[in-house]
Amino acid sequence: MSEQSNLEKILSSGKFAVTAEIGPPRGADPTEMIELARKIKGSADAFNLTDNQTAIVRLSSIGSAVLLMKEGIEPVIQMTCRDRNRIALQSDLLGASAIGVKNVLCLTGDHHTFGNEKSAKGVFDLDSISLLNTFKNMRDTKKQLSGEELDSAPNIYLGAAENPFATPYEYRAIRMAKKVKAGAQFIQTQAIFDLDWFERWMAEVRKMDLHEKVHILGGVIPVKSAGALRYMKNKVPGMIVPDALIGRMNRAEDKKEEGIQICIEMIERLKQIEGVHGVHIMAVMWEQIVPRLVTDSKLMPRTSV
């Protein structure tokens, strides 16, 4: 039997899992990324390494994983369908597994026109659902997408993303069910600001018994200002940010501290929702705050599994 990743062990044990994100640098020097990783090591069970997030050229997620594993950090590599066809995606999975990466988040990927190489050709040979199915079959049946048999199978724990707030809302749980059927073992959601809306989505998830088939990690973003909330409300597709939350940030004297408290409150409430198995912290450009968030919400330090 293949050895489980730390993340899989945590989730399988019934503990409330914590994942966070580390963005690879826009260059070949990994020094700052490694220094950051050392500072926040131990504040999550595993750390996502983004794959050219928002279609901006960065150090690769697999290359970053190699560097951070040397620091004793467990990575979750993100793999998008935007830049690679099925040959490259399958090859990269085998390479990642060979170097010891055990967690993979399968994504379709942001459109290339959002990034800094707007004339690039988007590939999208596969989408996230077909990618999950391909990787699942490579692991479980030792067969690649063409049907040919591999010499050896990759050892991977498969994840996917889901957005409870995207339109059409009535199909979000149904779409997640397709990802679960395709092979998703854990789900990280889009950032949650409207917890009432999220709870309604979770009710639909529970009606379909999906919470018993996949581990769901609710996404949270600590914010520093009301302006950041307004930007996400008005400029980021698939985000629901209540006006009451923006008003609360506006009234706060110490906006950063208020943002921290809001995030901690969200984590506390997520811990109480049936079917939520963990939290995914996306502290964009504020990764140093992750240790405080998990300490104040009593998620870390964690005892051994």
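Dipole of the range 71-190, Cα-centred, from +1 at each Lys and Arg C-beta and -1 at each Asp and Glu C-beta, to the nearest 20 debye? Can you show the working numbers first?
Numbers: 15 positive and 14 negative charges, 70 e Å.
The dipole of the range 71-190 has a size of about 340 debye.
Two numbers describe the Cα atoms of the range 6-296: Rg and Dmax, which are 18.5, 62 Å.
With respect to the cross-link table entries K39/K118; K41/K298; K213/K271, which display a Cα-Cα separation exceeding 27 Å?
Violating the 27 Å limit, Cα to Cα: K39/K118.
Peptide packing for 169-176, 42-49 was compared via the average number of neighbouring C-beta atoms within 10 Å per residue; ordered from the highest value, the list is 42-49, 169-176. Rounded to the nearest 10 degrees, the inclination of helix 255-272 to the longest alpha-carbon principal axis of the chain is 60 degrees.
Report the charge-dipole magnitude of the chain in Debye, nearest 20, computed about the Cα centre from +1 at each Lys and Arg Cβ and -1 at each Asp and Glu Cβ.
Numbers: 40 positive and 38 negative charges, 43 e Å.
The dipole magnitude comes to about 200 debye.
Each of G219, T80, F186 was placed along the dipole of the range 6-296 (beta-carbon charges, centred on the mean Cα), and the one lying farthest toward the positive end is T80. The alpha-carbon of K121 sits under 29 angstrom from the alpha-carbons of these lysines, leaving out residues fewer than 8 places away in its chain: K136, K143, K178, K179, K235.
A cut-off under 14 angstrom between Cβ atoms defines the neighbours of I273, and their net charge, with Lys, Arg +1 and Asp, Glu -1, is -3.
The peptide list 236-243, 8-15, put in order of mean Cβ contacts within 10 Å with the highest first, becomes 8-15, 236-243. Each of A203, I34, L89 was scored by the projection of its Cα onto the charge dipole of the chain, and the greatest displacement toward the positive side belongs to A203; charges sit on the C-beta of Lys, Arg, Asp and Glu. Between helix 31-40 and the chain there is an angle of about 60 degrees, using the helix long axis and the longest principal axis of the Cα atoms.
Pairwise Cα separations in the range 61-194 fall into 5 Å bins from 0 onward with the following percentages, short to long: 2, 10, 18, 21, 20, 15, 9, 3, 1, 0. Estimate the FRET efficiency between Y171 and S119 by the formula 1/(1 + (r/R0)^6), using the beta-carbon distance for r and 35 Å for R0, to the nearest 0.05. E between Y171 and S119, to the nearest 0.05, is 0.60.
Every number here is computed from the coordinates shown, using simple stated rules; none is lab data. As the structure is a prediction and not an experimental result, all values here were calculated from the model. So basically every Cβ, Gly included, is an ideal-geometry build from the backbone, and we count neighbours across all protein chains shown.
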